[in-house]
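Chemist: Supplied in C-alpha cells, the structure appears directly below.
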Amino acid sequence: MLPHYTVYLFQYHLQKTKAIVTPLWLQDSVKFGRPLPCSSYVAIHDLEDETLQNCDTVQDTSSGSSFHFPSGAEKESSRQTEPDELIDATEVESLSYNAKYSCLRPSPLVCPNQSLVKEIDVIRRGRNVEGEERSMLSYSRAISVIKAYPHVITEHNIQDLHALPFLGEKILSMIEEFLRTGRITEAQKMLADLRFQSLSAFITIHGIGPHTARRLYDLGLRTLEELERYYEVKPGVTDEETMSLLDAEASANTEAAVEQSIKIGLALRHDLSQTIPREEVEEINRTIMRELGHVQKGCKSVIAGGYRRGKPQSNDVDIVITHTDWNLGSQKVKGLCRKLVQRLHEQGFVTHVMHLSGFHEHNVLRTHHWDSLEKALTVFVWRHNSSRRTVYRRVDLIFAAPEVFWTAVVGWTGSTMFERDLRLWAKQQKGMKFDSSGM
Ligand code: 8GT
Ligand code: MN
C-alpha cells in the first residue's frame with residue numbers, strides 16, 4: 001500500500017496534467033466521432049481551470065472554440081419537440097470566442113467566470129432600470145464577451161482580455177478590482193441603493209418596463225405591496241376582463257390593456273415569479289399540442305426561449321407552432337392563434353391573455369422585438385403531475401407559416417444579445433435582413 005502522501009502527490013500530478021471530465025464527455029465524443037471540447041464536461045469544479053487548460057490536446061486551439069454539446073439527457077428531452085438534428089461539429093469549429101458578433105461566439109450555459117459576470121450584471125441592470133440604453137448595451141456586450149471566454153480569468157491572463165472585443169478600460173479596471181477583492185464597488189453601491197431595489201422589483205411584473213417603473217417610483221411608490229394598493233389588486237385574485245381581448249383585438253394595444261396586463265402580473269406575481277423546470281415546460285407543450293389537435297390536425301411545435309438554450313429552469317414557456325403541410329400550411333396556420341387560445345380558455349387552461357396579435361401588428365409590450373407573426377402572450381393554469389396545487393405559468397404561443405418556421409424558432413430562442421447580433425451580422429456581413437418572420 002502506498003503511503004498517503006504518495007497517493008496525494010500522484011493525484012496532484014494527475015490533476016495538474018490531465019483534463020478531468022465526466023463520463024458523458026466520452027459518450028458524447030463517441031457519438032460525434034471525435035474528442036469534444038471539455039468546457040461542458042468539467043467533473044471537479046475546483047479544477048475547472050486545469051481541466052480547460054489540459055484539454056488543449058483535444059480542443060481546436062486555432063479557433064479556441066469550446067461549445068456546449070447537448071448531453072444525452074438533454075437530447076432525450078428535446079427529441080419530443082425538436083426535429084432539428086444536432087449542430088454539425090465542423091460548423092462549430094468556425095466559431096470563436098473572440099468573434100465580434102455574439103452569434104459567432106460559442107458560449108456555455110455556465111461560464112468559467114460566472115461570479116464576475118453576475119457582479120457586472122448588477123451594473124447592467126442598474127443602467128437598464130434608469131433607461132440608460134447605450135451604457136446598458138455596453139455592459140451587455142462586455143458580459144456576453146466574458147461569458148464566451150473559455151478560461152478562468154486570473155492576474156496571469158488578464159492581459160489577454162485586451163485582445164477581446166468590447167472590453168474597454170472601464171470594464172477592464174472593474175475586472176481587476178474583482179480579481180483583487182472579489183467585488184466591484186459600483187455593483188455593491190447599486191445593490192445597496194433603495195431606488196435600484198424598488199425599480200428592480202417593479203420590472204419583475206409583466207407589463208412594467210423601466211419607464212413605467214420610474215413613473216411609479218416618482219409617484220412615491222416603493223414596494224410591490226404599495227403597487228398592489230395603487231392598482232387595487234388583491235394577491236391571487238384577478239378578474240376575467242382580459243378575455244375580452246379575444247373579442248376586441250384592436251383594444252390589445254391600448255393603455256387600458258397594458259394596465260390590465262400589469263394588474264394580472266401583479267395579482268399572480270407569487271406564482272409567475274417561480275421558475276419552471278424543463279419537465280414541466282415539456283408537459284405544458286404536450287398539453288397545448290394535444291388541445292391544438294382538436295382545432296387543427298397536422299401541427300408541430302418547438303419549444304424555444306431559454307429552454308432551447310438548455311436552461312434548467314425557465315421564467316416562461318415560448319412555443320413556436322407551424323403546420324407540417326409545406327404547401328397548405330400557411331393557410332392552415334392563419335387565424336389558428338385565436339382559435340387555439342379560445343379552445344384553451346374553454347378547457348380551463350388559459351385564464352388570461354395579456355396580448356393577442358394577428359399578422360402585421362405591433363407588439364406594445366415588447367416594442368423592440370416585435371415581428372409580424374401571430375402570437376398570444378397568455379397565463380396558463382393547471383395542476384401538473386408533480387405538484388398537487390394549481391399553478392399559473394406565463395406561456396407565449398407563436399404561429400409561423402412553414403417557410404418561416406425556423407426563422408421564428410431562431411428568433412424566439414434568444415438570448416437577447418444573440419438576437420441583436422444575429423440581425424446585425426446578417427445586415428453588415430451578409431447584406432440580408434433577419435427577422436423572426438423571415439429573411
Ligand atoms: P426566460 O423565459 O427563462 O426568462 O428566458 P428567455 O426565454 O431567454 O426569455 P424570453 O423573455 O422568454 O424571450 C425569449 C426570446 O424571444 C428572447 O430571445 C427575445 O429576444 C425573444 N422575443 C421576445 N419577444 C419577442 C417578439 O415580440 N418578437 C420576437 N421575434 N422575439 C421576441 O421576448
Ligand atoms: Mn422564455
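Read-outs throughout are calculated quantities, based only on the coordinates presented, and are distinct from any laboratory measurement. Everything numeric in this text was worked out from a predicted model, so none of it was measured. Neighbour counts are summed over all protein chains in view; Cβ atoms, including those assigned to glycine, are modelled from backbone coordinates with ideal geometry.
Chemist: Taking R0 as 22 Å, what's the FRET efficiency between Asp121 and Asp49 from their Cβ-Cβ distance, rounded to 0.05?
Modeler: So, using R0 = 22 Å, E works out to roughly 0.50.
Chemist: A further question follows. Between Glu130 and Glu169, what is the label-to-label distance in nm when each label sits 7 Å out along the Cα-to-Cβ direction?
Modeler: 2.0
Chemist: Starting from the Cα of Arg383, move 7 Å in the Cα-to-Cβ direction to define the label point; list residues of the range 269-292 whose amide nitrogen is under 13 Å from there.
Modeler: none
Chemist: Now, a different point. Please say if the range 92-192 is rounded, prolate or oblate, where rounded means a/c under 1.5 for a ≥ b ≥ c the square roots of the C-alpha gyration tensor eigenvalues, and otherwise the choice is prolate for a/b larger than b/c and oblate otherwise?
Modeler: oblate
Chemist: Listed highest first by mean packing, meaning other Cβ atoms within 10 Å per residue, what order do 374-380, 111-117, 314-320 come in?
Modeler: My ranking of the peptides, most packed first, is 374-380, 314-320, 111-117.
Chemist: Another question about this same structure. Just tell me which lysines come within less than 26 Å, Cα to Cα, of Lys427; anything on the same chain fewer than 8 places away is out.
Modeler: Of all the lysines, those that pass the test against Lys427 - Cα under 26 Å, at least 8 places apart if same chain - are Lys100, Lys147, Lys375.
Chemist: For Asn157 and Gln342 in the same chain, what is the full-extension length gain: residue separation times 0.36 nm, less their Cα-Cα distance, in nm?
Modeler: Net length gain for the segment: 60.9 nm.
Chemist: Let me ask something else. Would you mind checking Lys189/Lys311; Lys234/Lys334; Lys334/Lys433 for any pair whose Cα atoms are more than 27 angstrom apart?
Modeler: With Cα atoms farther than 27 Å apart: Lys189/Lys311; Lys234/Lys334.
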